[in-house]
Amino acid sequence: MELIVNLKNNLDQDEIKIIKSLGAEIVYQSQFIPLIGVKVDTSSKGDQIKKLSFVETVRTPLKGEYLEGEFLTTYFFTPPASRRPLSNSNYHGWGDTRVVVIDSGVNHPSVIEHIDFTNTGHTDQVGHGSCVANIIKYFAKGVNLYSAKVGNGQPDELWAMRALEWAATEKKAHVINISFGFKQKHKCTGNCDISKIVNAIVYEGVIVTVAAGNDGPSVDTLRCPSCASGAITVGALENDKKVSDYSSRGPLGGSKPNIVASGRVQIDAYNFGGTSCASPVVAGTVASVIKSVSNVNMIYSALYGSADDIKLPRHVQGMGALNIEKFTEAINHARMDRARQGQE
């Protein structure tokens with residue numbers, strides 16, 4: 001069995017030896033927060049680790065859900081979302097733009113590298129991660145895709161943490177997409193372990209898009225790590241730019257979700273929907289331009305500043321509905337402004 005161990009401080013070599021002496025294998029050590037993952041063969045060894053003076057808590061990893069609303073290469077988005085404004089401005093994601101899909105695996109010929117944290121093989125057995133990857137490639141055909149598999153039917157929290165750090169530190173990702181979420185026992189305010197890791201990665205300049213969750217329309221139903229303050233948290237839209245009933249809402253007075261986007265796509269004869277669909281729409285959009293701007297703050301500013309206000313509360317719509325045409329114009333104007341200033 002695998003366990004998540006929260007520490008009071010980062011481990012030193014003596015403490016590592018103590019944990020190993022208890023018969024535990026350290027399978028993961030976070031570079032961002034004081035946390036490790038261990039593998040033990042009995043629960044009693046977990047109890048022994050819990051008693052160590054340098055350990056805060058020991059717990060089993062959460063099991064999450066992939067956030068598709070339903071399952072119902074031609075792309076039809078609802079509401080319509082076109083890559084044409086991006087491609088007309090020659091934004092395709094060329095130039096070694098690295099996008100990591102953390103999901104159920106990806107069956108796509110353009111994946112540069114697969115990593116499987118489940119030990120079940122990197123093949124996508126449920127189709128979820130493959131749909132996510134296809135959406136990203138639709139909007140940014142030039143990106144280099146990487147796949148980190150963290151579950152088959154359900155994503156595993158520890159594997160997801162490991163995948164995040166692999167993406168950020170080993171693959172030097174520019175964009176990471178997470179179309180799944182975990183329910184905590186208590187409402188998360190962005191201070192859970194995986195949200196802390198997301199925030200640390202965003203601080204390093206990586207864009208992380210996260211599906212808000214499919215637990216709406218109730219208030220304060222975001223799933224972790226969509227509550228991470230640094231993530232681009234994406235809700236889902238239906239026809240006529242109405243926020244989907246199922247799309248998770250943030251807490252009253254909060255700033256999440258950050259934006260809403262198309263929540264349904266038909267890829268050939270395959271239908272895919274939910275905030276799982278909306279998140280990669282945004283991921284692909286931002287990935288298409290990331291190598292054309294001088295810093296990621298230009299992307300955040302353009303993304304949120306160009307969103308269409310659909311006259312709903314902030315905890316429902318965020319900054320509004322993704323408008324790819326206006327986003328492209330905003331990026332073009334920002335680049336021209338910097339060029340005039342001699343900064344690009």
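Each reported figure results from applying straightforward, stated rules to the coordinates on display, with no laboratory input. This one's a predicted model, so the numbers in the text were calculated from it and none came from an experiment. All Cβ positions, even for glycine, are placed from backbone atoms using ideal geometry, and neighbour counts span all protein chains on display.
Quick notes on this structure:
- Karplus-derived HN-Hα couplings along segment 261-266 (A = 6.51, B = -1.76, C = 1.60, θ = phi - 60°), whole Hz, x at Gly and Pro: 8, 3, x, 8, 9, 10
- Distance from the Cα centroid of segment 260-295 to that of segment 110-164 is 15 Å (rounded to whole angstrom).
- Cα gyration tensor category, rounded, prolate or oblate, for segment 74-147 with a/c compared to 1.5: oblate
- Note on K141/S229: beta-carbon distance plugged into 1/(1 + (r/R0)^6) with R0 of 30 Å gives a FRET efficiency of 0.45.
- I259 long-range amide H proximity, modeled H, under 5 Å: T233, G235, M319
- Phi-derived couplings, Karplus 6.51 cos²θ - 1.76 cosθ + 1.60 at θ = phi - 60°, listed residue by residue for segment 324-333: 5, 5, 5, 4, 4, 4, 5, 5, 4, 5 Hz, with x used for Gly and Pro.
- Mean projection area, nm², convex hull over Cα of the chain: 17.6
- Taking amide H as placed 1.01 Å from N in the peptide plane, N271 has its amide H under 5 Å from the amide H of L72, each at least 5 places away in sequence or on another chain.
- Estimated FRET transfer efficiency when R0 is 22 angstrom, pair S53-E25 (beta carbons, to 0.05): 0.55
- Separation of alpha-carbon centers, segment 222-255 and segment 13-33, rounded to whole Å: 37
- Each helix, a run of at least 4 DSSP H residues, gives -39500 (n - 2.57); summed and divided by the residues of the chain, these come to -8500 deg cm²/dmol at 222 nm.
- Amide H contacts under 5 Å for Y28: G37, restricted to partners 5 or more places along the chain or on a different chain, H placed in the peptide plane at 1.01 Å from N.
- Pairwise FRET efficiency - D12 versus K242, Cβ, R0 = 56 Å, nearest 0.05: 0.55
- Taking the DSSP beta bridges with both ends in segment 229-344, the antiparallel portion is around 55 percent.
- For segment 249-344, a/c is not less than 1.5, where a ≥ b ≥ c are the root eigenvalues of the C-alpha gyration tensor, and a/b does not top b/c. That puts it in the oblate class.
- With kT/(6 pi eta Rh) evaluated at 10 °C and eta = 1.306 mPa s, and Rh the Kirkwood radius from Cα pairs, segment 2-59 diffuses with a coefficient of 144 µm²/s according to Stokes-Einstein.
- Measuring nothing but how far apart in sequence close Cα pairs (under 8 Å, 6+ apart) lie, relative to its length, segment 248-344 scores a relative contact order of 33 percent.
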